[in-house]
Every structure is written in structure tokens, then in C-alpha cells.
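Chemist: Dropping a structure here in C-alpha cells format, bear with me for questions.
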Amino acid sequence: MYDFLIFNIYIYRSYGYVAIEKYEHALEDLKRAKKINPKGIDRATIYNKWLSRGILKMDTEEYLMASKFFGKASLRYPSNKDAFCLNVISIVRSYSFSLQELYVDSPQKLQKVEQTMKFLNVAIDCCCKEKKQPSLYFFRGLLNYQMHKFYDALNDFNVAIAEEEEATG
């Protein structure tokens, strides 16, 4: 009885830590819960674990590893768009950072930016039907800016600002 209670305390506290973006603490609680009952962790908890790990990898600019964790989260809940959107952002950041030393006129960079733009457009089409995701528009704006499409960049930045202000306003 006592182990069951402690297990659930760790699980629910980890949910709380995810909600307030304390991902390291959430992962620590999940490890403690797993030690108590390795088979008791449900799909939603595993989803949060992969999301937390991915976000922490993005914070340390390990974008390919972040993408791996977001992919695992997407497999747990394919209909949840959060993991998909975060995966897109990690891929866009990965391309941006890996090519930052090249000029936009470079054929290699231009090709990668165009591929990333196609991927990002698909993500916006998939993720933004009900509610626009400001971060996706922000990153598309950056790509448009890199490609010297300044009016398109401005439009994307305006959408990102409007949606962010609406969410926090």
C-alpha cells in the first residue's frame, strides 16, 4: 500500500513539474517511480518522459537527439501535435545551426533551407488548423528572411506576434 502511494506521488508530481517546465525534476521523479514499480508507468507518463528529454536536449542545442525523443513521443500519441511541432522546431534549428557559417547564396545552404521550408509548411498545415503555433511561424519567418523573402518573413513574424500576444493576453 505504501509503495503504491509513493509511486503515484512521484508520477503526479512529475506531471506537475512538466506543467511548470521543470523537466529535470520531472525526469528524476519518473526514475524514482520506475524503481518502485517498473511496469506501472502508463503511456501518458512515458510520453511526458520523451517530451521532457527532447526539450532538455533542445536546451543544450542537441537537436538531432531532441528530434529522436520527440519522434518517440509522437509514436506514443500520434494524434497529439505537440511532439510533432517540437520535432519540426528541433529539425529547423538543427539545419540553421549546422549551416550558420555558410552564406545564403551557397547552393548547399539554399537547398537545405528550401527542404526545411517545405517541411515547415507541412507542419504548419498539420498543426495550425485549430490554433496557430507561434513558434512555427517564427521559424518560417527566419527561413524566409534567410532566403531574402522579406515580405513573407514579415507576415510570418506578425502572425507569431499576434498569436503569442493572444495566448498571453
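The values are calculated or read from the model by the stated rules, or taken from the named source; none is laboratory data. Computed from a prediction, not measured in an experiment: that's the story for all the values here. Cβ sites come from the backbone with ideal geometry, for glycine too, and all protein chains shown count toward neighbours.
Chemist: Which members of segment 6-27 meet the condition of being at pLDDT 90 or above, within 22 Å of L86 (Cα to Cα) and either hydroxyl-bearing (S, T, Y) or crowded, with 21+ Cβ neighbours inside 10 Å (or both)?
Modeler: Scanning segment 6-27 gives S14, Y17, Y23, A26.
Chemist: Among K118, K81, K112, K132, which is out of contact with any Pro (no Cβ under 6 Å at 6 or more places or on another chain), under 25 Å from K49 (Cβ atoms) and surrounded by fewer than 20 Cβ atoms within 10 Å (Cβ to Cβ)? Steps first, answer last, please.
Modeler: Details: K118 fails: under 25 Å from K49 (Cβ atoms); K112 fails: under 25 Å from K49 (Cβ atoms); K132 fails: under 25 Å from K49 (Cβ atoms).
None of the others qualify; the one that does is K81.
Chemist: Another question about this same structure. Does segment 48-57 contain at least one residue that is loosely packed, with under 14 Cβ neighbours inside 10 Å, farther than 24 Å from E130 by Cβ and modelled with pLDDT of 90 or more?
Modeler: No, segment 48-57 has no match at all.
Chemist: Let me ask something else about it. Can you tell me which residue is nearest to S94 (Cα to Cα) among those in segment 33-47 that are among the hydrophobic types (A, V, I, L, M, F, W, C) and surrounded by 14 or more Cβ atoms within 10 Å (Cβ to Cβ)? Walk me through how you get there before you give the answer.
Modeler: Within segment 33-47, the subset among the hydrophobic types (A, V, I, L, M, F, W, C) is 33, 36, 41, 44, 46.
Keeping just the survivors that are surrounded by 14 or more Cβ atoms within 10 Å (Cβ to Cβ) gives 33, 36, 41, 46.
Working: A33: 33, I36: 37, I41: 31, I46: 25 Å.
Going through the qualifying residues, I end up with I46.
Chemist: Pairs under 7 Å by beta carbon, first residue among the aliphatic types (A, V, I, L, M) in segment 52-69, partner surrounded by fewer than 18 Cβ atoms within 10 Å (Cβ to Cβ), six or more apart or different chains?
Modeler: L56/E24
Chemist: Residues being surrounded by 18 or more Cβ atoms within 10 Å (Cβ to Cβ) and farther than 22 Å from K81 by Cβ: count how many of those fall in segment 158-169. Walk me through it before giving the result.
Modeler: Our first condition is that a residue be surrounded by 18 or more Cβ atoms within 10 Å (Cβ to Cβ); within segment 158-169, this holds for 159-160, 163.
Those left that are additionally farther than 22 Å from K81 by Cβ: none.
Residues flagged as surrounded by 18 or more Cβ atoms within 10 Å (Cβ to Cβ) and farther than 22 Å from K81 by Cβ within segment 158-169 amount to 0.
Chemist: Same structure again: Identify the single condition in (1) under 27 Å from N8 (Cα atoms); (2) more than 14 Å from the chain's Cα centre (by Cα); (3) surrounded by fewer than 20 Cβ atoms within 10 Å (Cβ to Cβ) that L30 does not satisfy, given that it satisfies every other one.
Modeler: (3)
Chemist: With the condition being assigned by TED's automatic domain parsing to the domain that holds E28 and under 20 Å from K22 (Cα atoms), I'd like the helices (runs of 4 or more DSSP H) fully within segment 43-160 carrying at least 3 qualifying residues.
Modeler: 43-59, 63-76
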